[in-house]
Structures are given as structure tokens and as C-alpha cells.
1. Kindly rank B:235-242, A:82-89, B:146-153 from highest to lowest mean number of other beta carbons found within 10 Å of each residue.
2. Give me a single rounded figure for A:138-150: the average over its residues of other chain Cβ atoms within 10 Å of their Cβ.
3. Quick check on the range B:14-62: take the gyration tensor over C-alpha atoms, sort the square-rooted eigenvalues as a ≥ b ≥ c, and tell me if it's rounded (a/c under 1.5), prolate or oblate.
4. Report the label-to-label distance for residue B:174 and residue A:91 in nanometres (one decimal), using points 7 Å from each Cα along the Cα→Cβ vector.
5. Return the whole-Å distance between the Cα centroid of the range A:53-120 and the Cα centroid of the range A:244-294.
6. Just checking the output field for B:226-234: average partner chain Cβ neighbours within 10 Å of each residue's Cβ?
7. Summarise the long-distance tail of P(r) for the protein assembly as shown by giving the % of C-alpha pairs beyond 42 Å.
8. In whole Å, what three semi-axes, largest first, describe the equivalent ellipsoid of chain B built from its Cα gyration tensor (square root of 5 times each eigenvalue)?
């Protein structure tokens, strides 16, 4: 299994009553009351350190993403961070780690810019880019960047088509699309990976997105924050749709995101991470559903699918998280928190049940002090990671959606106390 | 209730297949519905007593194909679709009535085709913008917040009647999907700020115009009534007490005679 250390760069020091004071932490959280640019500078740098520690410990990939105008996470352009990581991993000899952009929001950016930036990342990293192309949240593309919600998916589809042509065409071309027009395309630079870097489509359980992935033979990353248990029904349907499209159950077609906290014992882990779990779910995810998906964002088919199936018990945020304690969220398996043995077992079991070949782990929940995040990454990297990377090895599936030069798992011999 | 039929009216522009609910008897009048979706309500029933009411569904809504919205590029397309649709219906000069989003559509069409529209009734239209009285961000509200923004009196029986949802789970899911889709499809022409150039075109409106506004409209402040009136020569403004954004629902006994008198005069 490919294990990526995923980071969304949360604001670490929101006041205790932040979620009562403001209607959401997305768009509505006033910078002038909550933000501190000096601290944010530290947080950005700490986030890079946290990702680089993961590289040092032999994670398969480093993941960054894009969000706007919120306190939840604000790597407003993931490619700024991808560029730093591409260079640092190369300098420090970790050039067996993939740069996993999860990624740039096509509808919110001129697609030619994303084509260029992803090509640059592939060049700087020496061919280690995994090009994530999410549809993006409504609060980012529509609310913050004024994309018309009902056009977001069309822009995303057209943008991906453009990207691939811009990366691969060996002639000048004009692009006269529905949403984008380019008079003369001749992209500089182009990616190292031939014909182009592997794609992955992060999504939030939209059946239209699964169908897109299956039609194009691209892996899908289910970015749920509600754990393997509540995601079972979603991933089952994803795999049913794969079969209907004539695809095998190659686990590398699927990825899942998971918050993980590791400490020496289960009790210690629960005690240590409880307040940070609550900070994440109650403050950072303080966001009404219509911000994530404004009217028009979901196409009619997906809308009916979600409303009629009722299979998203948690992912539609219809459940009020506020009354739930950290303990209850751990019991419901939103988060995986425990000793290395517990976490190993839970994650390996989850990977098998969801049939996923990529795990994106989130080891910094938000309010964790930098030192605690570093300890969490280190414990995970030493005690859990090596047990997960081989989970699928005995089944012999081909992984054709990963940078070719990174065929094997990173091998590390890192002395203790890094 | 008036007997209504749904007419299929294909137009060439954007290959759109229009669907128009038609009811009543008498001189024609066209009604453009709100961003909440089409609904044959008591107000249209009242109009139908002395008029033939033509109520087209906006693209993607009502009886039209849900995907039809993707073929309609922008507001310019929408206005041309309706111009062609009136041609296809054989309506030459015809009074237009529009509520909220529909008011903006009616106003745009009246500005484009000055000779076609002799009379215009605008019910709390959107389409202009003032920084000192921004239009509520109605697409981004929770359903309960949207309802309290729409209506002056949530306890009024006609408002309560509007809020009744189907009990059957499948019908309920469809009703919710349709109401979200109504905001999303009409939102294509107004996102993120419903100021798409009407201010540059509104001076062209030559129709005799009645502007009706709910005194307690929290979605579009009644201060906009004078803005619309100031651009349309001779426009008359009526502010309706005890009404919010949809005065024809909250005060039908006041609004209906106003509109009928205006159309009949």
C-alpha cells in the first residue's frame, strides 16, 4: 500500500468559543479577529518540517492541498508547497518519495497555469509527481473564487482534457472550449513522466466523480473525515460501479483519507489526542453543508442519488458533531487513535475492508503543538508504516498509477531521536 | 383552481425545449417564476380568471429536462430563448410579470424588445445592486434561514402551506432535489452577485411598469423599488404592508387587484 503523509495546514490556535462566535470557520472566520501573520509563518514552516519528517521516515508520498479563505487549512496554492518539498526531498536524498498534489483546483485556476505548475513540479522532483485533480469544494471554487456552481464540474472536466493535451501535444494547437479559450498552446515546460504524471481524483462520494474515474481509468481518493466504518457503503458502491464499468478490483484504484493518532498505549493516545480531535471536528469542520456544495454544485443525478440512498450518514454533515465527545468519535472510528499495535491492526483491516491501495494519513489534526505532531509522525513512521506498506504485496496487483521511477517502497534506516 | 395544460414549445436558440404551463381565458399575460422553481399558485389562479396565463419553466426546471440548463450558456442566451419562445407561442405584444429572479428576466426582455412589452409588472425583482443594501446571499443559506428571509410572517397559513413537504421518502427526496436544483440552475445567471448588467440596459424599458415590493422583504430591500423606478419612465411603485419577498403569496388580496387593475387599465 502507498501511504502518503497528508497535510492541510490548519490554523492551530483558534479561541475556544470560535465555533459559537461565527457561523463557520470557512469564509466567515474574520482574519482581523483570529489571524496572526507571524504565527502563520511559523505554522507554514512547521507544516513543511512535519512533511519532511515523513519523507525521512520513508512514507511513500507527501500530500498537500488547496483551500481558500478559511481557518481549516490554507495552502492556497498547493504547488508552492509541492515545489519546496520537491526540492528538499531531492537535496536530502529522499528522492524515492512521491509529491502527491491533492491538489490544484482546476475550476478556480486558469488550467494552463496548473498544467505549467504540475510540469514544473515533475521537473524539479525528477519525475515524482502524482497529479491530483479534485473537483474542489464549493466554498473554495464557488464562494471564494466566484466560479458559478453549476459550471464547476464542466470546467473541471474541460480543464483536465486541456491539461492532458497541453502536456502531450507535439504541435501548436488552439483550444476553443466551452469555458476556456487559448489561441496558441505550446506549454513550457512539459513533465518528465511520459506521457504525463499519473492522475488521481480526490472526491467526496459523488457518483458522477466515480463514473468519471471509471470511464477514464483513473484512481479515486475518497476524502472523508468520518472513518472507514461510515465509508464502507460509499466504497462498496464505488467498487460496484467499477465492476459495472468492466474494471477489476485492483486496490490501487482506491484511496482513503484517515486521521491517525499514535501513542505508547491506547489510554495514553486517547488522553493525548482527545482535545485535538474535538478541535478538528468541532472547530475546523464548522462549516454548513451548503458551503461545501452550493446549489448547482452537485449535478441533479448525484443530488438525487445522495438524497434517495441515504448512505452518507456522516459525510453529508447532516449529523451534528457538536454533542459528540472525542471518545465517541474514536468509538465511531472517525479517527484511529491508539497504540502502534492497535493502529496497525485497525488500518490494515480498514484497507482490506475498503479495498484501498492508497492511504492518506493526517497526523496533524490542527491544534496539536508542533512537537506532538512530530512525535505522532515519528511513531507512525517507525511503528505503523512498515506494517502497512506490504499489505497488498501478496496479491500481486499492478500499480500503474504511481510514478514509474518509484516502483519500490522507500527503505530507511533512520537512527532513533531524529 | 384554473385548469392548466403544459405546452411543449421547442425553440431554436440553444436547442431548448420549452415547457409552458397555460391556464385561464382572456387576453394573454406571461409570468416568469422565482428562483425557487415553478409553481401554479393562487396568484396565477387569480390572473387566470380574466387572462390566459403563460408560465414558462426556466431551463432545467418544472417539466423541462433537468440537463437542459447545460445547453444555456449565459443570461444573453436565456433572454433570447424567451424572446423566441414568445414568438413560438404566437404572442406578439404581451404584458410580462416576473417575481424575484423572474422579475429580472422580465425586465431584461422588456429592455431588449421595447416594442414587444407594453406592460411590465415587477414583484420584488433582483438584478440591481447597492453596496449599502446588498441582496441576501440566498443561495448560501440553510433552508430554515432562507424561509425566514423570504417571508414576513412565518405563521401565516399561506406560508405554512408553502412549507408542507411530501411524506413519501422518494417524493420528499425529489422535492428537495428540485428545490436545490431551482436555486442552482437560476443561479447560473446571477452568481455570485445578481448584478449582470441590467443597470446598463434598464433605461431601454419602454413598458408601462408597475413595481410591487413587500415592505418587509429581507432578501431584496424595498429601497431597490425606487432604484428600478428611477430608471423606468413613469413607473409606479406599490409597497405592500405585511409582506416579505413574495407579496403575492403573503398578501394576495392586496396584490391581485393591483395587478389586475394595472393589466386591465
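Where a number appears in this text, it was derived from the coordinates with a stated rule and is not lab data. All values derive from a computational prediction rather than experimental measurement. Using ideal geometry, Cβ is built from the backbone for each residue, glycine included, and neighbour counts are taken over all protein chains shown.
1. Descending mean neighbour count gives A:82-89, B:146-153, B:235-242.
2. That works out to 4 on average.
3. Oblate, since a/c reaches 1.5 and b/c is not below a/b.
4. 6.2
5. Here the answer is 20 Å between Cα centres.
6. If you average over the peptide's residues, the count of other-chain Cβ atoms is 0.
7. So the pairs more than 42 Å apart make up 34 percent of the total in the protein assembly as shown.
8. Result for chain B: semi-axes of 23, 22, 20 Å.
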